[in-house]
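Student: The following block contains the structure, expressed as structure tokens.
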Amino acid sequence: MAAKNETPALILALLITVGVIGGGVWWFTSRTGLNLNQWFNRGSGQSSPSPNPTGQGRQFTDVANVPSGLFNYGGSTTWATIRRDVDSKIQTAFPGFQLRYTDPPSGAPGSTVGIRMLLRNQLSFAQSSRSLSVGEYQQAQQQGLSLKEIPVAIDGIAVAVNPRLTVPGLTIAQLQAIYLGKIRNWKALGGPNLPILPLSRRVSDGGTIEFFQETILEGKNFGPTVRFVGTTTEALRQVDANSGAIYYASAPEVVGQCKIRPLPVGRQANQLVAPYQNPLIPPSQCPSQRNQLNSEVFRSGQYPITRNLFVVIKQNGGIEQQSGEAYANLLLTDQGQELLSQIGFVRIR
């Protein structure tokens, strides 16, 4: 009978001992950060999770297979702020992954030129503000190559006018008519009796102009009233100086400017969508306050002139393909997407 009476006491003592040991283990792991699952897996021959190779991680350092070496890249001028503000942080995370921006041997840089340089082995990978054309795919095939484009961000085309212009916005059809030379006075659009001065860079200057010609002008040539300029900076200065001027460019290059007005654009007259967050900040309050990009209308497609930004690579199985894929994967991490959004582009994921 005495042994039977001692059994509950022994069980109780055992439970207390297990509780004390369990509490001690919990305290030790919480203080040290030790992951016992990984520790036991390592002991049993199972591997612990490796860094994410697909670019879906949180930080740059979550991306695996980032090669070491010097890699030439370049292309679209729309990517200039990315090269300046994002790539420097990639270099900090991976000092061995050395990125060198490379201008074309002659002429202006741009998406088309960058893809051409990629096919000529002058770049490891290219940055484009438009999708690959059928001709570029065919050219690659003729060289025994295969091209791949990886979308990494969403961008929009914003239209800039002089702040004194009273036109509330434009439809896509009206914008097309202006750049084809069919509408030449703002009076025809409900504005003042003032000649329209459409400004544009040349088609050979980059993917933004190619995209505009293909999407807005439906492949037609620019009209006779269009004045061609060398850079977006020059064009925006002319918009500031001329009340009738109009220009288009990548939204981050336009929306935050102080001396122009970003114009709402719509598929129909009753569907005008502003590329900026309302209310519009007037020039008198800039630069202490600046208009901010309305990312949601670009992401949803409500704003009618949107496009993707692409990393273009040659699928040759070599280190150049690895460098381009790694670069795209870095931009697709949460850290990369957040940095892209901070400089005015829209997260693609």
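The values are calculated or read from the model by the stated rules, or taken from the named source; none is laboratory data. A quick note: this is a predicted structure, and the numbers were derived from the prediction, not measured. Note that we place each Cβ from the backbone using ideal geometry, even for glycine, and neighbour counts take in every protein chain shown. Keep in mind that these areas ignore ligands, DNA and RNA; they rest on the heavy atoms of the full protein, side chains included. Shrake-Rupley method; radii C 1.70, N 1.55, O 1.52, S 1.80 Å.
Student: Could you list, ordered by first residue, the pairs with Cβ atoms under 7 Å in which the first is in region 193-219 and of a type outside the set (Val, Ile, Thr) and at pLDDT below 95 and the second is in a helix (DSSP H, G or I) and open to solvent by 40 Å² or more (accessible area, probe 1.4 Å), at least 6 apart or interchain?
Tutor: Gly206/Thr77; Glu210/Val203
Student: Go through Thr231, Thr215, Thr225 for me and flag whichever is of a type in the set (Ser, Thr, Tyr) and more than 18 Å from Leu170 (Cβ to Cβ). Don't jump to the end; show me each part of the working.
Tutor: Details: Thr215 fails: more than 18 Å from Leu170 (Cβ to Cβ); Thr225 fails: more than 18 Å from Leu170 (Cβ to Cβ).
Checking each option against the conditions leaves just Thr231.
Student: Sort out which residues of region 330-349 are under 13 Å from Gly57 (Cβ atoms), surrounded by 17 or more Cβ atoms within 10 Å (Cβ to Cβ) and touching a Lys or Arg at 6+ places or on another chain (Cβ under 7 Å), and write them in order of number.
Tutor: Leu332, Thr333, Gln335, Gln337
Student: With the condition kept exactly as written, say whether any residue in region 246-260 is touching an Asp or Glu at 6+ places or on another chain (Cβ under 9 Å), of a type outside the set (Lys, Arg) and in a strand (DSSP E or B).
Tutor: yes
Student: Here is a follow-up. Part of a strand (DSSP E or B), surrounded by 14 or more Cβ atoms within 10 Å (Cβ to Cβ) and of a type outside the set (A, V, I, L, M, F, W, C), is that true of Arg299?
Tutor: no
Student: Quick check on region 83-121: of everything there that is of a type in the set (A, V, I, L, M, F, W, C) and in a helix (DSSP H, G or I), which residue is nearest to Thr208 (Cα to Cα)?
Tutor: In this case the residue turns out to be Val113.
Student: Only residues in region 131-155 that are modelled with pLDDT under 95 count as the first member; pair them with residues that are basic (Lys, Arg) and open to solvent by less than 50 Å² (accessible area, probe 1.4 Å), Cβ under 6 angstrom, at least 6 apart or cross-chain, and list the lot.
Tutor: Matching pairs, first to second residue: Leu145/Lys314.
Student: Could you list, in sequence order, all residues of region 40-75 that are at pLDDT 95 or above and among the aromatic types (Phe, Trp, Tyr)?
Tutor: Passing the criteria: Phe60, Phe71, Tyr73.
Student: Sort out for me the helices (runs of 4 or more DSSP H) sitting completely within region 122-240 that have 3 or more residues that are surrounded by fewer than 15 Cβ atoms within 10 Å (Cβ to Cβ).
Tutor: The qualifying helices (runs of 4 or more DSSP H) are 134-142.
Student: Something else: Restricting the search to region 266-290, which residues are of a type in the set (A, V, I, L, M, F, W, C) and in contact with a Phe, Trp or Tyr (Cβ under 7 Å, 6 or more places away or on another chain)?
Tutor: Residue satisfying the conditions is Val273 alone.
Quick grid of which residues meet (1) under 20 Å from Phe71 (Cβ atoms); (2) within 23 Å of the chain's Cα centre (by Cα):
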{"site": "Pro105", "(1), (2)": "yes, no"}
{"site": "Gly114", "(1), (2)": "yes, yes"}
{"site": "Gln127", "(1), (2)": "yes, yes"}
{"site": "Ser131", "(1), (2)": "no, yes"}
{"site": "Ala140", "(1), (2)": "yes, no"}
{"site": "Lys148", "(1), (2)": "yes, yes"}
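Student: Still on this structure, I have one more. I'd like to verify a number: residues in region 331-349 that are in contact with a strand residue (DSSP E or B) (Cβ under 6 Å, 6 or more places away or on another chain) and among the hydroxyl-bearing types (Ser, Thr, Tyr), how many?
Tutor: 1
Student: To continue, here is another question. From (1) open to solvent by 70 Å² or more (accessible area, probe 1.4 Å); (2) in contact with a strand residue (DSSP E or B) (Cβ under 7 Å, 6 or more places away or on another chain), pick out the condition that doesn't hold for Ile260.
Tutor: Result: Ile260 passes all but (1).
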